[in-house]
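Here's the structure we're looking at; comments come further down.
The values are calculated or read from the model by the stated rules, or taken from the named source; none is laboratory data. These numbers were taken from a predicted model, which means no experiment stands behind them. Please note: Cβ atoms are built from the backbone with ideal geometry, for glycine as well, and neighbour counts cover all protein chains shown.
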Amino acid sequence: MAIPFSIKSSIDSRRSARNYKMIAVDAEVLKSVKEFARSISVPFDHNVEIKFFHAEPTNALYMTMKSPENNIAFISETDFVSISKVGFIGELLILFAQSKGLSTCWYGHYKLSELERLMPHLQSVEQLNMGYGYSKGITIGKRAICITPLGYYEDRGLRVMDRITKKTISFKRKEIKDLLEIPGDYDKLSSDILYALDLGRKAPSAANSQMWRFAFEDNFKTISIAMPIGYHHFKWEHPNVDIGICACHVWLGLLDKGYYPNITVSEKSERAVWRLSM
Ligand SMILES: Cc1cc2nc3c(=O)[nH]c(=O)nc-3n(C[C@H](O)[C@H](O)[C@H](O)COP(=O)(O)O)c2cc1C
């Protein structure tokens, strides 16, 4: 797939936005985002569904902020590999939206009953009774995993403290050296791999936990991306989504350097493990 946006500048400029102008996305721009969503093609099979939906300007859905008019839901089965693919596919769309001047924010915490009212998609009452976003507890069946607002960032009207601390937008990341399973590998990495890992480390993650770790096989021709075995986060029980987002960034970095890696993703030790082979 030819990537129709500037990879590095879209990754570098993307920030999670949590305050939006209460206006609809320009019709032409929205059309281009929908067309891109339909055209996404990646070198692995997936069943991620992308649904665009409208919301009202209330706190009912995101709870901590008002919904803008346009929003997107990423839907899949709930096994580790499927939700990780949601991260990969969703991030491609989020970066495309960024390149069109739109703001977004991955949300794993949202009110499921409100989402179901706005965008009916659940297959059973049991799913609805689980109530609260996709943050905690066991989930079953095909359902929205994460959602994102799609719109224009509004920095006016923020509380003074939020403006000063930039609480509504954030950017702080670990160094590549701190993300390698074997720290001594750092000096053996080519500049192309370092470029791809640098884009990988800039991926968004829930609570900015950056739980991805990089390892290498086949004389550094394969990069594997996964969270540490047994990793748990007290607020976000689905970090495999985030791992897919990071894998998307690393893949884009390799494409940017002229590689067309094969991708496999499999379940190992209750984790999704991505392998990108050049
Ligand atoms: C899978 C996922 C779920 C997230 N869920 C939420 C959420 O429910 N609420 C929220 O305010 N931010 C959420 N975020 C946004 C992160 O807090 C944000 O990506 C992180 O702090 C890094 O900041 P940045 O995206 O501006 O680089 C989520 C991010 C990811 C990747």
Problem - Subset of the range 195-221 (residues that are touching a His at 6+ places or on another chain (Cβ under 9 Å) and part of a loop (DSSP other than H, G, I, E, B)) - result: Lys202, Ala203, Ser209, Met211
Handout entry: Residue identified as in a helix (DSSP H, G or I), under 22 Å from the mean Cα position of the chain (by Cα), closer than 27 Å to Arg14 by Cβ and away from the ligand (no atom under 16 Å from the Cβ) among Asp192, Asp178
Key = Asp178
Practice task
Give the residues of the range 54-64 that are of a type in the set (A, V, I, L, M, F, W, C) and surrounded by fewer than 18 Cβ atoms within 10 Å (Cβ to Cβ), sorted by residue number.
Solution key: Ala60, Met63
Practice task
Look at Ser67 and say whether it is surrounded by 22 or more Cβ atoms within 10 Å (Cβ to Cβ), touching a residue at least 60 places away in the same chain (Cβ under 8 Å), polar (S, T, N, Q) and more than 30 Å from Ser269 (Cα to Cα).
Solution key: yes
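Every residue, every condition in (1) touching a Phe, Trp or Tyr at 6+ places or on another chain (Cβ under 7 Å); (2) part of a strand (DSSP E or B); (3) outside the structural domain of Tyr107 (by TED's automatic domain parsing), yes or no:
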position	(1), (2), (3)
Ile223	yes, yes, yes
Gly230	no, no, yes
Gly244	yes, no, yes
Leu254	no, no, yes
Exercise for the section: Could you look through the range 93-119, keep only residues that are aliphatic (A, V, I, L, M) and either under 18 Å from Arg275 (Cα atoms) or crowded, with 21+ Cβ neighbours inside 10 Å (or both), and pick out the one that is nearest to the ligand (Cβ to nearest atom)? Expected result: Ile94
Completion exercise
The one condition Ala27 fails out of (1) farther than 16 Å from Glu116 by Cα; (2) touching a residue at least 24 places away in the same chain (Cβ under 8 Å); (3) among the aliphatic types (A, V, I, L, M) is (2)
Problem - Filter result for the condition that a residue is modelled with pLDDT under 95, in contact with a strand residue (DSSP E or B) (Cβ under 8 Å, 6 or more places away or on another chain) and not β-branched (Val, Ile, Thr), over His238, His232 - result: His238
Practice task
Within the range 39-49, identify whether any single residue is surrounded by fewer than 21 Cβ atoms within 10 Å (Cβ to Cβ) and within 16 Å of the ligand (Cβ to nearest atom), and answer yes or no.
Solution key: no
Problem - Evaluation of Met65 against (1) more than 15 Å from the ligand (Cβ to nearest atom); (2) out of contact with any helix residue (DSSP H, G or I) (no Cβ under 6 Å at 6 or more places or on another chain) (one fails), failing number - result: (1)
